[in-house]
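The values are calculated or read from the model by the stated rules, or taken from the named source; none is laboratory data. Everything numeric in this text was worked out from a predicted model, so none of it was measured. Backbone-built Cβ (ideal geometry, glycine too); neighbour counts: all protein chains shown.
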Amino acid sequence: MRNATAKAAPTETQGPDEIVSYFDINQLELAFINRALKGIKDGIPAFVEIGKSERILQIQKRNLEILCQKRGKEYRPGTLEGELKKILSGAKIFTMFRR
């Protein structure tokens with residue numbers, strides 16, 4: 001078992017001074033859905049497609065919140081928005097690797 005206080009060695013995609021976000025893909029999607037439901041269009045990259053049906057977005061939001069709760073992941077809009085801003089600004093990196 002790995003010591004909990006030991007730091008992971010930097011990988012090829014992560015330099016020694018890069019900070020990796022705690023987000024998983026579900027939290028990232030939930031953060032963008034929260035923005036769409038608030039009507040925020042700024043800061044959504046061109047490669048992210050958000051549906052226009054508020055009803056569908058509300059259903060997706062509810063399902064993602066339940067999923068995050070079951071997995072013990074953060075799901076509150078304010079916290080997710082703060083982390084998303086850090087990712088979009090480049091202060092943190094979003095990784096698809098499982099942690």
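Exactly one residue out of Gly43, Gly51 is modelled with pLDDT under 95 and under 14 Å from the mean Cα position of the chain (by Cα): that is Gly43. Flag not set for Ala46, criterion: assigned to a helix (DSSP H, G or I) and under 15 Å from Leu88 (Cβ atoms).
Selection within the stretch 17-67: residues that are in contact (Cβ under 8 Å) with a residue 12 or more places away in the chain and aromatic (Phe, Trp, Tyr). The member of this set that is surrounded by the most Cβ atoms within 10 Å (Cβ to Cβ) is Phe23.
Residue-wise test of (1) modelled with pLDDT under 95; (2) of a type in the set (Phe, Trp, Tyr); (3) not in a helix (DSSP H, G or I).
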{"residue": "Ile59", "(1), (2), (3)": "no, no, no"}
{"residue": "Asn63", "(1), (2), (3)": "no, no, no"}
{"residue": "Cys68", "(1), (2), (3)": "no, no, no"}
{"residue": "Lys85", "(1), (2), (3)": "yes, no, no"}
{"residue": "Arg99", "(1), (2), (3)": "yes, no, yes"}
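Could you please find all residues in the stretch 70-81 being surrounded by fewer than 11 Cβ atoms within 10 Å (Cβ to Cβ) and in a helix (DSSP H, G or I)?
We begin by selecting, within the stretch 70-81, every residue surrounded by fewer than 11 Cβ atoms within 10 Å (Cβ to Cβ); these are 70, 72, 78.
Once the filter is applied, which keeps residues that are surrounded by fewer than 11 Cβ atoms within 10 Å (Cβ to Cβ) and in a helix (DSSP H, G or I), the stretch 70-81 yields Lys70, Gly78.
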